[in-house]
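**Q** Before I ask anything, here is the structure I am working with.
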Amino acid sequence: MPWVSYFDHGFQGPGGWYIEKSLTTLNKKDPVSEYNTQLWNTGIEANKEIARKQKRRLHYVSNVYVVSDPKNPDNEGKVFLYKYGKKIFEQLKEAISPAFEDEAAINPFDLREGANFKIKIRKVDGYWNYDKSEFDGVEPLFEDEDKLNEIFSSAHSLTDIIAPSEFKTYEELKEKLDRVLGLTGSVSTSTAESVAEDLEEVPWSNVNTESVADEPVISSAESTSPSEDEDAMDYFKKLAQD
């Protein structure tokens, strides 16, 4: 598979920051998801707003080969794990399965018959916007087969990102959630040190700048398996089989 996806939560409370992967990625119960559902089900708008601020964020991760990066030329010619959000994922799906008959489908992940993706970022209404990003024409990344094989062998493991060992246990997450939100009665005042401590857990080199503000809020406050992801997964599986 050319990508993996996972959910996480990122918010600040009186007891510091909560920035953790969600166990719902593994189809397991997650304390934040449960708490958000409780808030949502009260029907109180103030509680719903809290649930919105604490909702899951969906991330995708793929291997990418950097063709050109004028601001960071040292990245050029290297393979990285790239984390992206719904906007770029929709553009990938559109390329693979165009909405119009006069548009040719391409597999962006194919080193021989794919196309370069040009990321263009703007700020719209205070949020980063990727709508101007686009694909180049279809062509091999390189004509040299040895070079293509070298790039392919440089790809990082995607399954490691969602391995169970990469997630904290339910009990660990529950303890942290209670501390951050002050749900246990033993809330410590948030200090610069405690915030910095929690922020050290975040791999900032891979932090995605895409906004999640436009993602719909599901009535249960959390969705466990978005249908569009299942459709895309089926499509990518078919590509892998072909």
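**Q** Apply the Karplus parameterisation 6.51 cos²θ - 1.76 cosθ + 1.60, with θ equal to phi minus 60°, to every residue of the range 30-39 and state each ³J(HN,Hα) to the nearest whole Hz, in sequence, with x for glycine and proline.
**A** 10, x, 5, 4, 5, 5, 5, 5, 4, 4
**Q** Between PHE167, ASN129, LEU141, whose Cα lies farthest towards the positive end of the dipole of the range 108-182 when Lys and Arg beta carbons carry +1 and Asp and Glu beta carbons carry -1, centred on the Cα centre?
**A** Positive-most Cα among the choices belongs to ASN129.
**Q** Picking from ILE44, ALA155, PRO2, whose Cα lies most toward the positive end of the charge dipole for the range 1-159 (charges on Cβ: Lys, Arg +1; Asp, Glu -1)?
**A** Result: ILE44, furthest along the dipole toward the positive end.
**Q** For the range 19-177, give the magnitude of the charge dipole about the Cα centre (Cβ charges: +1 Lys/Arg, -1 Asp/Glu; no others), in debye to the nearest 20. Don't jump to the answer; show the numbers that get you there.
**A** Working: 25 positive and 30 negative charges, 253 e Å.
Roughly 1220 debye, rounded to the nearest 20.
**Q** Calculate the FRET efficiency for PHE142 and THR42 from the Cβ-Cβ distance with a Förster distance of 51 Å, rounded to the nearest 0.05.
**A** Once rounded, the FRET efficiency stands at 0.35.
**Q** In whole Hz, what ³J(HN,Hα) sequence does the range 157-170 give by Karplus (6.51, -1.76, 1.60; θ = phi - 60°), x for Gly and Pro?
**A** Those phi angles translate into 5, 8, 5, 4, 5, 10, 5, x, 5, 8, 10, 6, 6, 4 Hz.
**Q** How far apart, in nm, are two points set 7 Å out from the Cα along the Cα-to-Cβ line at LYS132 and at PHE100?
**A** Reported label-point gap for LYS132 and PHE100 is 2.1 nm.
**Q** Loop only by DSSP, 12 or fewer other Cβ within 10 Å of the Cβ. Give me the chymotrypsin sites (Phe, Trp or Tyr not before Pro) in the range 84-170 that pass, ordered by residue number.
**A** Details: sites: TYR84, PHE89, PHE100, PHE109, PHE117, TYR127, TRP128, TYR130, PHE135, PHE142, PHE152, PHE167, TYR170; in loops: PHE100, PHE109, TYR130, PHE142, PHE167.
The qualifying sites are PHE100.
**Q** Oh, and also: Residue by residue, what Karplus-based ³J(HN,Hα) values in Hz, rounded to whole numbers, does the range 101-107 have, using 6.51, -1.76 and 1.60 with θ = phi - 60° and x for Gly and Pro?
**A** Values per residue, Gly and Pro as x: 5, 7, 9, 7, 6, 9, 9 Hz.
**Q** Cross-link list LYS29/LYS71; LYS118/LYS176; LYS132/LYS176; LYS71/LYS168; LYS29/LYS123; LYS21/LYS78: which exceed 31 angstrom alpha carbon to alpha carbon? Numbers along the way, then the final one.
**A** Numbers: LYS29/LYS71 42 Å; LYS118/LYS176 39 Å; LYS132/LYS176 39 Å; LYS71/LYS168 36 Å; LYS29/LYS123 36 Å; LYS21/LYS78 27 Å.
Checking Cα-Cα distances, LYS29/LYS71; LYS118/LYS176; LYS132/LYS176; LYS71/LYS168; LYS29/LYS123 exceed 31 Å.
**Q** Name the residues whose placed amide hydrogens come within less than 5 Å of the amide hydrogen of TRP128, ignoring near sequence neighbours (fewer than 5 apart) on the same chain.
**A** SER211
Quick note: the coordinates plus some simple rules give every number you see, no bench work behind them. Remember, it's a predicted structure, so these values are computed and weren't measured experimentally. No Cβ is skipped: glycine too gets one built from the backbone with ideal geometry, and neighbour counts run over all protein chains shown.
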